[in-house]
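For reference, the structure discussed in these notes is given below.
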Amino acid sequence: MPAVPRADAHLLFTVATPLLIVLGVRLEKGQKGHASEAWGRRRSTAVGVLGTQFVLTLAASALYFLMGAGASVPPATAVPDLPPGLIVLSEGSSCGSSSCARSVTVGSRDGLTPAEIVRKLDRPSGWTCRPNGWLLDRRPRCVGVTETNGKVQLNVTLSDLVP
């Protein structure tokens, strides 16, 4: 199962915090007898700290959402695994006006030609895209394979626009 993107994980924490506060207060109120004065102060402090954390996280999440995720280089984990016999010769990244890409130059241990490497990668021609995140980061993660100057490039980008 893929990891939850960072922005989505923070949103989960933001939603879980008030639920935990409400649950804790309800559990405490369900106890028999009155709480001591010291315990009441500790509870009020804890609720205040968690409430402040919730408000700050909510504000930061809103700021992140309003500013947009922007162009960012896809992580190395976004690069698909290579079939057996193929190796990474070099790796790099670049950014254009609207997107960033991670490029991997693919070679072969078995001396395959570039056309054979492309066939072995078993990727459709052009770009294939799928959602990157599941809630906040809905930019598509697109993967494309090109052969130029005798080199096979596997490119990954997070953008609505593919090169």
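The values are calculated or read from the model by the stated rules, or taken from the named source; none is laboratory data. The structure displayed is predicted, hence computed values, not measured ones. All Cβ positions, glycine included, derive from the backbone under ideal geometry; neighbour counts span all protein chains shown. The protein model used for the area step is the full one, side chains on, heavy atoms only, and it has no ligands, DNA or RNA in it. Shrake-Rupley method; radii C 1.70, N 1.55, O 1.52, S 1.80 Å.
Ignoring ligands, DNA and RNA, what percent of the 1.4 Å accessible area of the stretch 92-161 is carbon and sulfur?
On the way: 1870 of 3950 Å².
On the stretch 92-161, the fraction of accessible area on carbon and sulfur atoms equals 47 percent.
What is the packing order of peptides 44-56, 139-151, taking the mean over residues of other C-beta atoms within 10 Å and listing the highest first? Intermediate results must be reported in sequence, preceding the final value.
Working: 44-56: 12.4, 139-151: 15.8.
Going from most to least packed, we get 139-151, 44-56.
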